[in-house]
1. How high is the relative contact order of region 174-297, in percent, with contacts defined as C-alpha pairs under 8 Å that are six or more residues apart?
2. Please work out which option in [x] 102, 78, 62; [y] 122, 69, 62; [z] 105, 84, 68 gives Cα extents along the principal axes in Å calculated from these coordinates, and answer with its label.
3. Starting with the fewest neighbours, write out F76, F841, F228 ranked by other beta-carbon atoms found within 10 Å of each beta-carbon.
4. How about region 43-118: which trypsin sites (Lys or Arg not before Pro) there lie in a loop by DSSP and see at most 10 other Cβ atoms within 10 Å?
5. Please state the equivalent ellipsoid semi-axes for region 2-533: what are the square roots of 5 times the Cα gyration tensor eigenvalues, largest first, in whole Å?
6. Can you give me the Rg/Rh ratio for region 453-523, using Cα atoms for both radii and the Kirkwood formula for Rh?
7. Across 10 Å bins from 0, what is the distribution of all Cα-Cα pair distances for region 307-462, in whole percents?
8. Give the order of I308, I906 when sorted by the count of other beta carbons within 10 angstrom, beginning with the fewest.
Amino acid sequence: MIEQNLLLVLTVLPFAGALLAVSLGTHARNAEAWLAAIVMAAGLVITLSLYPLIQDGGALRSQIQWVPSIGLNLLFRLDGFSWMFLLLVFGIGLMVVIYARFYLSPKDPSARFFGSLLAFTGAMAGVLLSGNVIMLVVFWELTSITSFLLISYWHHLQGARDGARMSLIVTGLGGLCLLAAMLIIGHVVGSYDIDRILAAGGVIKDHGLYPVILALFLLGTFTKSAQFPFHFWLPNAMNAPTPVSSYLHSATMVKAGVYLMVRFAPSIGGTDLWFYAVGGVGMVTMAFGAFVALFRHDLKGLLAYSTISHLGLITALAGFGTPAAIVAAIFHIANHAIFKASLFMAAGIVDHEAGTRDMRRLSGLRRLMPVTFVLTALAAAAMAGVPLLSGFISKEMFLAETIEPYNGSQFAALLPWVATIGSLFSAAYALRLILSVFFGPDATSLPKTPHEPPRLMRLPVEILVLLAVAVGCFPYQTIAPILKVAVLSVLGDATPHYSLSLWHGFNTPLMMSAIALIGGTLLYLTFRRQIEEGPDGPPLIHPLRGQRVFDRLLLILSWRVPRRLLSTFASDRLQSQLVIIILVAFLVAAWSVWGVPRPVPDILGGVGFDLPFAMLWIVGATCAVAAAWQAKYHRFAALVLLGGAGLCTVMTFALLSAPDLAVTQLLVEIVTTVLLLLGLRWLPKRREPIKGDGALRSHLRRTRDLVIAVACGGGVAIVALWVMLSPPVDTIGDWFLQNAYSEGGGTNVVNVILVDFRAFDTFGEITVLAIVGLTVFSLLRRFRPAPEAAGRPDEQIGADPKMLDQFLYVPAIVMQWMFAPTIALSAYLFFRGHDLPGGGFAAGVTLAVGFLMQYIAANVRWIESRLTVLPIRWIGWGLLIAAATGMGAWLFGYPFLTAHSQYLDIPIIGRVPAASALFFDLGVFLLVVGATVLMLIAIAHQSLRSARARELDEARAKEEDEEVA
């Protein structure tokens, strides 16, 4: 049980660390770096501790019930292959965190960086630990979203924004294709369990939908791993900070695609279609990426295309599909992660200390940065496949696989030639990286004077390069145990005998490797001048960049086509759009119930006439109709009448024995009325009455709106009456009434439903409320009211100044006296909510009303200088507490948000009921307060800004008059 819970911890821990990192502050760089390092180190330690459970090729599984009635559960799965990947994710992640602490400027928002990095780590861990393919796709798409945040970290740069958008669109669309593939696979196999899918390879390959499955699956993996022709997004992501590039290119993101191809190669591979598609794209990508990398002048650009090339190599091995090819692919995944992470960090050091990544400006740095030179040279040599370094053995395995006969086709005969040419260009760009940057005369036009970086900034590079050397010299003592468990988990009984020896004699792969190393050296030395002075890209294919094709398609699909459709079918008037939406909804509802035979209920039978109730609703209906009528002439009066209709609703709930609804409705009425009142202050002034044809059109439009409103409202009323007055049947409400106390530990059935039986619905609703609050704030913080909205409030809403003063500007002292009782009332409603009317939502709205009264009573700035609310943190902590309460049930083997209740003996107080749902209700309370106050602050500041704008205009006009005089 403990080991199974550790799988959950590995997934949740980075996300929890991300939330905590964001809440630490904007520039708490040391604290956030320490937090991220602790999270990465803890993940690494937990991963290492699970080795004994998977060392024999088995898999550790942990299932958490989510919705067991429909078979929807969270399934975590760890085997040797995912274990090896987790080592890379957390191990290299720890190196990246240490490096980033010294790479980032003190002015950079470190909270956002480390928070996004940890969230990205959690998404990648989720991909590796998913035992259900639908759950895998969810985490797969989450890696695209979090990588978007990382790539766009320096969002003030146009290139960063463009690169992030491009990566999100390409990988996101690929993720949708992968989702479709997984849904079809689940349908074919009859399960979404990865173990059952991996065991059902024959069923999948014999099915008629196999070509469709393969096409969708490969679109998802090719886009994520930047395979040709979807490679173009990866170089454009180089505008991200170097720690991000190092992490994305080595252990995460782009490796997710090859991880999935290797994982599923034994089950859906092994066919000619797989061999040609995957092997062919992989070989083309390998050669293409190596060729382009040689001509890139940007240091990170060269490394980006080298990543594309090596990903193509791994993809080609997965496409070959033989057991030996799978072994080579897994081995090269680990080797590439080690030397590519160290190379990107070394490139970042050069950029950080010299002020540029342009290799045409860099020269002679080995004399100023000797240690960095040695580290970079060793890592580049490992990338080129030089003997006694990590890349040599796995590259030999790759070359050996290309000379296998396979199906004897011409494509198979071309494989060794393409592999040798690609390796030749790989050696050439590795040599260029070393010679251009570190040799030659001293550079004279650098923005900074280069020198060695801080010791701790260089430490991660030293560790990674040491690993590359150790794996290259002592493979059996270093990488062999890790490689063994990874291969066993993928191939099982089909695991072949393989050797990690450094010497296999003078064979064909060694000759191919020697030709590549020597040929690459000669190629670069021969054409060095042309390469260094040429354009930033290959001369033949430089104009045909994938980015240009992407930009053209994006322009057509996201601008021209929607604009044409909008001009043809839509209107830019909000009122017309709402009319269309409402009419469509009404027609769909009417069509669905038309002609369906239903018994006509006896509406009045058995129901006595209640005069007070009837009079109440006469008043409510009068208020509603009058509000609609007064909205044309007197906004303030319309708002008061609207509040009257709301109070009638409150009294109706109370009369019908629904006190929870009455309390909630009353509090919501107060909040919305005040928020609307604040919003009315910066609406434009009323226009002069329309006369002539305009008045007729206005009258017809209002008549049309009245007919639509009566039809829709009447239809809803009729349906509601039909349902309520139909013959009684057993409903789920009876079950709630019978089980609220025994199952939920509360006598307030409504609250037990919200925080226990239907807690997941409530969690979704408060999430939506958080999004709405943040959206309102984001929109209004950049909003500038129209000039005509800057006048006095009474001019905007049509109210009499004296009446407005009596209603709006209530004496501040009364409001301040009411603040403490409001807090006490909020606490009272919160703690009684499980057994009596109240609860987290009502308590949260009550406390928000207390803040509202303070904003009404005094100047906004005066209040905020004395009362610090920080509503965004309230929202964040509310969501975190609610989610943590739900996930706490997993630790005990229960479904998400399962509550537990019992009686506790408290000294002096005595025996009291207690339920874990109280903590969930606390999250609801905090979020409601935060979201409501956040919207209040946004609107109140806009109102203050409107008044301030008028003051500035008047002062400016006075100054101009004085100058004229």
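1. The value is 28 percent.
2. Looking at Cα extents along the principal axes in Å for this model, the match is [z].
3. Fewest-to-most Cβ neighbours within 10 Å comes out as F228, F76, F841.
4. Numbers: sites: R61, R77, R101, K107, R112; in loops: K107.
Passing both the DSSP loop test and the Cβ count: K107.
5. Whole-Å semi-axes of the equivalent ellipsoid: 34, 29, 21.
6. Values: Rg = 17.0 Å, Rh = 15.4 Å.
In region 453-523, Rg relative to Rh is 1.11.
7. All Cα pairs considered, the percentages come to 11, 36, 27, 17, 8, 1.
8. Listing I308, I906 from fewest to most nearby Cβ atoms yields I906, I308.
Coordinate-derived values only; no laboratory data. Note that this is a predicted model, so its numbers are computed, not measured. We place every Cβ from the backbone using ideal geometry, glycine too, and count neighbours over all the protein chains shown.
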